[in-house]
Amino acid sequence: MTEAMGCKNCCSICLQCLFGYETNVMLVINNKGVGALFRLIQFLIIAYVAVYVCWIQRAYQDTDSVISSVSTKVKGNILTNTSIEGVHVWDVPEYVIPPQVSIFGEKSFLVLTNVIQTPGQTQSKCPEIPSLVTKCESDSDCIEGHTEVHGNGVQTGHCVQYSDTIKTCEVQAWCPLENDTIIPKPALLGAAEHFTVLIKNNIQYPKFSFRKRNLLHHINSTYLKNCTFDRKTDPHCPIFRLGHMVTEAGEDFSIMALKGGIIGIFIDWNCDLDFPERFCIPKYSFSRLDNKNPENNIAPGYNFRFAKYYKNNKSIETRTLIKAFGIRFDVIVFGMAGKFNIVPTIVNLGATLAFLSLVTAICDWVMLTCMKDRDQYAKRKFIHLNQNGDSVPLVSKS
């Protein structure tokens, strides 16, 4: 009998839980502490949504990443006078190296700033540059056909005189060999800081069918012939002086020109397309990209070698080897565009309402857990209404 009654009560409770309906009861509590907490949390949520979500993140917008193309044109001339070449005028085809441009891609260009020249090299035999592995005392120290990874040619097996006091292994190579231990100071092409470069940048945001270029509407041919980029007076001019860019990157051009380096030209196209098109303009900044850590200064700068080939008066193939130091400029374009869209707006509005609904739950927890009169609050908050219309508190007074 007892078991039957227990089973009946259990079934009754299950049916009550299954088919019972819960609805909110409006309970007004005149408690300054709970009221202040309620309004404070509401204010913080609304401020977060208004400032961070809407103003900073612009979460009500749909976004798209920039797609861009870049072309550059360097201008300038340098006059040099050296013991090797005498008076020489360097123009664009010489100090902007076309093979390097094709390797780097259209978004980079390299300008020579210093060179070490070894003229009159021919295929012949000569003493190797002295080092721990190339110095010798007799032919037995040299191996015919052997090549050193850091050497300049193939050993002939002979030990020959390099100077009055030093002997080295003879090599078959382009002779005379290059000696790159002495770098010209000041930089031979240090005047390159006065060169200018025109940067043409076309961008688009496909999702919004938006296209623009850094040659803005007010820029015409007359303006281009007379302007040079200046952050205060000409911030939209697409012609940049090389020395000015290096200075803005925090470097000294005369020092950087000695061994070369890499400078980044950053073009920022972050745009809010809810505003008119004229407000979408590029912002330029500059920074050095290669390592300049004084504690780890191995292989500093930027250099490469190339040669100029010709036939001498005896019709022998001859070349001038050039170890070139230069500054490579990498144009890096980035940006994000945003425009109002109803879908993210609804999503973020729903998230805001969900956050606000949590305020009541937090305040209820504080009221029923931390307040002195929590039992009274619980007695009036949780009420069961039976079929006879009688209300019974679910929480009994302790």
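Taking 0.36 nm per intervening residue step and subtracting the Cα-Cα distance, what contour gain separates Ile342 from Thr247 on full extension?
29.6 nm
When you count, for each residue, the other Cβ atoms within 10 Å and take the mean per peptide, how do 216-227, 341-352 rank with the highest first?
Highest mean packing first, the order is 341-352, 216-227.
How far apart, in nanometres, would the label points at Asn220 and Lys283 be if each is projected 7 angstrom from Cα along the Cα-to-Cβ direction?
About 3.0 nm, to one decimal.
Choose one answer from Leu242, Leu358, Leu258: the residue with the largest mean-square fluctuation in a GNM of the chain with alpha-carbon springs under 10 Å.
Highest fluctuation among the options: Leu358.
With every protein chain kept in the model, how would you rank Phe195, Phe208 by accessible area, 1.4 Å probe, largest at the top?
Phe208, Phe195
Pop the C-beta distance of Ser83 and Asp234 into the FRET formula with R0 = 35 Å and round what comes out to the nearest 0.05.
Efficiency at R0 = 35 Å is approximately 0.25.
For the full complex of protein chains and a 1.4 angstrom probe, list Tyr205, Tyr302 by accessible area with the highest value first.
Listed by decreasing accessible area, they come as Tyr302, Tyr205.
Where the eigenvalues come from the Cα gyration tensor of region 118-224, what are the semi-axes √(5λ) of the equivalent ellipsoid, largest first, in whole Å?
56, 19, 11
Shape verdict for the chain, please, from the Cα gyration tensor: rounded (a/c under 1.5), prolate (a/b greater than b/c) or oblate.
prolate
Would you mind checking Lys135/Lys311; Lys107/Lys225; Lys200/Lys308 for any pair whose Cα atoms are more than 26 angstrom apart?
Over 26 Å Cα-Cα: Lys135/Lys311; Lys200/Lys308.
Could you pull out every whole DSSP H run in the chain that spans at least 18 Å of Cα extent along its own axis and averages 0.5 or higher on the Kyte-Doolittle scale?
2-19, 32-47, 342-369
Which loop-located GluC sites (Glu not before Pro) does region 125-187 contain, where loop means any DSSP state but H, G, I, E or B and the Cβ has at most 11 other Cβ atoms within 10 Å?
Within region 125-187, the qualifying GluC sites (Glu not before Pro) (loop, at most 11 other Cβ atoms within 10 Å) are Glu137.
Mind checking the full-extension length gain between Ala50 and Leu368? Use 0.36 nm per residue of separation minus the Cα-Cα distance, one decimal, nm.
Gain in length upon complete extension: 111.4 nm.
Evaluate E = 1/(1 + (r/R0)^6) for Thr147 and Gln117, where r is the Cβ-Cβ distance and R0 equals 25 Å; express this FRET efficiency to the nearest 0.05.
Calculated transfer efficiency: 0.50.
Quick one: net charge around Cys159, please, counting Lys, Arg +1 and Asp, Glu -1 for every other residue with C-beta under 11 Å from its C-beta.
Once positives and negatives cancel, what remains is -3.
Using the heavy atoms of the protein chains alone and a 1.4 angstrom probe, what is the accessible area of the chain per residue in square angstrom?
63 Å²
Nearest 5 percent is fine: what portion of the DSSP beta bridges confined to the chain is antiparallel?
Taking every DSSP beta bridge with both residues in the chain, the antiparallel ones total about 90 percent.
Express in nm, to one decimal, how much length is gained between Thr165 and Ile183 on full extension, taking 0.36 nm for each residue of separation and deducting their alpha carbon distance.
Working it through step by step, the gained length comes to 4.0 nm.
Show me the trypsin sites (Lys or Arg not before Pro) within region 273-344 that DSSP assigns to loop and that have at most 10 other Cβ atoms within 10 Å of their Cβ.
Lys314
Applying 1/(1 + (r/R0)^6) with R0 = 25 Å to the Cβ-Cβ distance of Ser357 and Lys207, what FRET efficiency is obtained, to the nearest 0.05?
That pair, Ser357 with Lys207, gives E of 0.15.
The values are calculated or read from the model by the stated rules, or taken from the named source; none is laboratory data. All figures in this text were calculated on a predicted structure; none of them were measured in a lab. Note: ideal-geometry Cβ built from the backbone for every residue, glycine included; neighbour counts use all protein chains shown. Side chains are part of the model used for accessible areas, which takes the heavy atoms of the whole protein and leaves out ligands, DNA and RNA. Shrake-Rupley method; radii C 1.70, N 1.55, O 1.52, S 1.80 Å.
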